[in-house]
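Reviewing the structure listed below.
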């Protein structure tokens, strides 16, 4: 199977990840996480909106000016106030979102699609005038009418965004549905596509992978998969998923840093690395069944699709 | 989206789950787990082979004769010795497996497909003569040539199995590949199809769901998703996945028992329920982001695809 060439990780541990129940990162921890992710090689690091608190604004400025290779994004409401703060604090990109599904439009802002687009025009123009990379995302895309999605995405593309985003905000999308919707959108726009997938029905990694197969170029992840409720796609899960199909596709990353990144963040959160975590869980390369252990000793590829050494790990045998 | 009518859970916590690194269940714990799963309503409970140890054999006999509604299966090699032990200890079904992929055939048994089928014929005939339900599974199905798979499945169907099994033994299959392969096999046999999916690339729940959409009727799960390496599809993950598409499809199960089942097994294993677990993780229904908390108070379906009350849980708001 051949995977698309264009692949960018948008790590949102410092935004989505901070919405995880036990996440309360200090400024020093935020910088340490950004440095680790940069060393690993993620292309984008997304931070909480500078409108969230004065400390968030200061941390955005610090990290944006820290000289990392990764581009620093901030995730803001589609408001001029937030856009101005993003520019003032040095964000290189702004990830805009607007609720577009019927359940969210009713409960959250009550605006029509035309009103949404009028607000978006002003904010996108301002950000582009300040050389800020812009992504516009329809929150809760998979409960939004596909015709509405396409109408909005075509409109914001005309306004000059670099990227549109599809977000499974509530974790309801199925893998094949993701493939179909992303394919349908891919056929309608020429800009890049970002995907953000929650894990409420256990498919965050799979859905993000199906989006990538269908033409999404930018994949949202967090360390360990932390996020609102039970999280989103994990960085190690996506690396495992892609590497098991084509290891060459992820060779540009410092894969051997993955265990330390996961361990460091788990320690900061006061949680264990979940046993089901790909690559970095204590048991990910542990073989116990008699039939497996004999075969793995003869030839590891008998029961291993990923080489643990690629990730600085070792297999263990019971 | 309409899901297939036929849905059976094969819980293999007492077989696959025992291959998890820290699983060392006592006989009393095995019985307690079987009773909880039976109360929940899983249709099948799979136990370790009676050939594994004298204690495994005694526990199989105890649980098989305990009067549970769930059918008691044992997972055995395709050998007459194991088949006789299964019958002697009262198993109502036998899940046979045979390695068929090139990597496993080379390393593990070196037999040709014709030799595999000759052994299978004898074992299947013996088990059917003793009124034992039989499933025949090609281990490592997704690294097995599709033409070989179909040849074997058609042959064992003729031999009288109730069910064939597709197993992603090494966790390499992608969701769309699972859908395609199961669909192709579905077109070639009329018997039931079971699916068993590992989580090495983070897609166990998604792959099992795609198999169900494509015509698999029997879905392998374990409590929490424990199993060899980083596990297989979890019972709570599959319930969440199916319920988020169609809650009616899972109404026959005692969904309110799910949190206690996961907690009990996590305690036996000395692990936390992973934060990413669907439904039963401490944070699965915890809302933290400001935008989410306001909306959820106004209307829970804004950011919830599953009603926590259905599972005896409550939402919490930061």
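The values are calculated or read from the model by the stated rules, or taken from the named source; none is laboratory data. The model shown is predicted, which means the values in this text are computed figures rather than measured ones. For neighbour counting, all protein chains shown are included, and Cβ atoms are generated from backbone atoms with ideal geometry for every residue, glycine included.
Points worth noting:
- Within segment B:304-318, tally of residues that are in a strand (DSSP E or B) and touching a helix residue (DSSP H, G or I) at 6+ places or on another chain (Cβ under 7 Å): 1
- If you go through segment A:21-36 and pick out every residue that is touching a helix residue (DSSP H, G or I) at 6+ places or on another chain (Cβ under 7 Å) and in contact (Cβ under 8 Å) with a residue 40 or more places away in the chain, you end up with 6.
- Considered as a group, the residues in segment A:239-254 that are within 8 Å of chain B (Cβ to nearest Cβ) and farther than 13 Å from residue A:311 by Cβ include one that is surrounded by the most Cβ atoms within 10 Å (Cβ to Cβ), and that residue is A:241.
- Flag for residue A:276 being farther than 26 Å from residue A:43 by Cβ and either within 12 Å of chain B (Cβ to nearest Cβ) or out of contact with any strand residue (DSSP E or B) (no Cβ under 9 Å at 6 or more places or on another chain) (or both): yes
- Failed condition for residue B:227, given (1) farther than 26 Å from residue A:242 by Cα; (2) touching a strand residue (DSSP E or B) at 6+ places or on another chain (Cβ under 8 Å); (3) more than 8 Å from chain A (Cβ to nearest Cβ): (1)
- Selection from segment A:81-118 of residues that are modelled with pLDDT under 95 and out of contact with any strand residue (DSSP E or B) (no Cβ under 8 Å at 6 or more places or on another chain): A:102, A:103, A:106, A:107, A:110, A:111, A:112, A:113, A:114, A:115, A:117, A:118
- Take the conditions (1) at pLDDT 95 or above; (2) part of a helix (DSSP H, G or I); (3) not assigned by TED's automatic domain parsing to the domain that holds residue B:20; residue B:258 misses just one of them, which is (3).
- The set of residues in segment A:260-318 being free of Cβ contacts under 8 Å to residues at least 40 places away in the same chain and at positive phi is empty.
- Here residue A:282 meets each of (1) within 7 Å of another protein chain (Cβ to nearest Cβ); (2) closer than 27 Å to residue B:236 by Cα with one exception, condition (1).
- Failed item in (1) out of contact with any helix residue (DSSP H, G or I) (no Cβ under 8 Å at 6 or more places or on another chain); (2) loosely packed, with under 15 Cβ neighbours inside 10 Å; (3) over 21 Å from residue B:193 (Cβ atoms), with residue B:102 passing the rest: (1)
- All of B:215, B:171 fail the test of being modelled with pLDDT of 95 or more, facing another protein chain (nearest Cβ under 7 Å) and under 19 Å from residue A:175 (Cα atoms), apart from B:171.
- Lone qualifier among B:255, B:224, B:219 - being touching a helix residue (DSSP H, G or I) at 6+ places or on another chain (Cβ under 6 Å) and under 28 Å from residue B:161 (Cβ atoms): B:219
- Among the conditions (1) crowded, with 23+ Cβ neighbours inside 10 Å; (2) within 14 Å of chain A (Cβ to nearest Cβ), residue B:183 misses just one, which is (1).
- Every listed requirement among (1) within 30 Å of residue B:240 (Cβ to Cβ); (2) without any contact (Cβ under 8 Å) to a residue 60 or more places away in the chain is met by residue B:190 save one, (1).
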